[in-house]
């Protein structure tokens, strides 16, 4: 009975096998669709983003040139002052007295010069007839010359006293916005003190000092020398403010420093920006975007088509002969917008895969198409 049971099972299995062999095999899946971009050469602006700091084109510290007590402050903190505007008054009573004293000394010297000059003239006439000795005449002439020298000295002392009296009225050395006052009326100030009374900064135009590595400058100069990069028209520069917004006015690069900072290996570049609204404040940190030049015959690859392997090397997947994928190791220079400047590994006419890279292996036959047409079901990016 058991033998018959096993015989029946074998007969059923044979029948099922024959039935399966008689059916057609399932069709092969279609090749995956990918989005490709055909690479072309074009002229690319070499844009470099660098850290920068705002500085005023003119800065002047207001300092006392004499000692005394501040009597009045004559400006509004944070306001605009013009060159020569009166800012502080220092108590001038001691200096007025010094001027009066110098005037008296000058008048006394002027009175002395008249009598000594007349005496020297008389002795000159008398020495000719031997009425006085030659020594007496020489003494009288020397006294007259000394009196004239005293007049010159007293005149200089008067001018010095008048200058010191003028210093009791402290004026703005430049035009610009003045900061807060560090001294109030009644405070004692001294000539040569360490602290300034206030600071004036001219900010209608500002400097932006940015730092660039010496290596980048050398690379750029070598590229210009080889002819692959041409000089930018006017060396344009734009700013990104600390809140992430773009400054609406474009600046111009003025010069690069002549030496490299030994601690950082960088070079200071200075640009000027118009600042009519006072938005750029001295000391503010910004990001400067500098157009250094233009690279001719550059290959620009979309960034989504460039990936990194396990060793961190830049790679790209392209559609080759018979629509088979190829893996390329590429060299990239810098980003220009949403693209990379490719300097090696890709050439014009290559079909770079930018969509549908998920689970894609080299040698896979694919169906290339325009980007943004690959569906999620086919494994590509939308």
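Can you sort 195, 141 so the residue with the fewest Cβ neighbours within 10 Å comes first?
195, 141
Sorted by packing (mean other beta-carbon atoms within 10 Å per residue), highest first, where do 312-319, 109-116 land?
312-319, 109-116
At a Förster radius of 45 Å, what calculated FRET efficiency corresponds to the Cβ-Cβ distance of residue 139 and residue 261, to the nearest 0.05?
0.05
According to the Kirkwood expression over distinct Cα-Cα pairs, how big is the hydrodynamic radius of region 92-167, in Å? Display every interim value, and only then the final one.
On the way: mean 1/r = 0.0727 Å⁻¹.
Result for region 92-167 stands at 13.8 Å.
Put a dot 7 Å past each Cα toward the Cβ at residue 83 and residue 58; how far apart are the dots in nm?
Between residue 58 and residue 83, the simple spin-label model gives 0.5 nm.
Could you work out how far the C-alpha centroid of region 59-110 sits from that of region 259-328, in angstrom?
Going from one Cα centre to the other spans 56 Å.
Grab the beta carbon distance between residue 191 and residue 97, set R0 = 25 Å, and tell me the FRET efficiency rounded to 0.05.
Efficiency computed from Cβ-Cβ geometry: 0.85.
What's the extension gain from residue 252 to residue 126 if we count 0.36 nm per residue and subtract their Cα-Cα distance?
Here the answer is 37.3 nm.
Please list, short to long, the whole-number percent of alpha-carbon pairs of region 238-323 in consecutive 10 angstrom bins beginning at zero.
Spelled out bin by bin, region 238-323 gives 11, 26, 26, 23, 10, 3, 0 percent.
Using 0.36 nm per residue of separation minus the Cα-Cα distance, give me the extension gain between residue 309 and residue 218 in nm, one decimal.
Gain on extension, residue 309 to residue 218, equals 29.8 nm.
If you average 1/r over all unlike Cα pairs in region 129-198 and invert the result, what Kirkwood radius do you get in angstrom? Could the numbers behind the result be given before it?
Working: mean 1/r = 0.0579 Å⁻¹.
Evaluated on region 129-198, it is 17.3 Å.
Each value in this text was obtained by applying a stated rule to the coordinates, not by laboratory testing. This structure is a prediction, so every number in the text was calculated from the model and none was measured. Cβ coordinates were reconstructed from backbone atoms using ideal geometry, including for glycine residues, and neighbour counts include every protein chain displayed.
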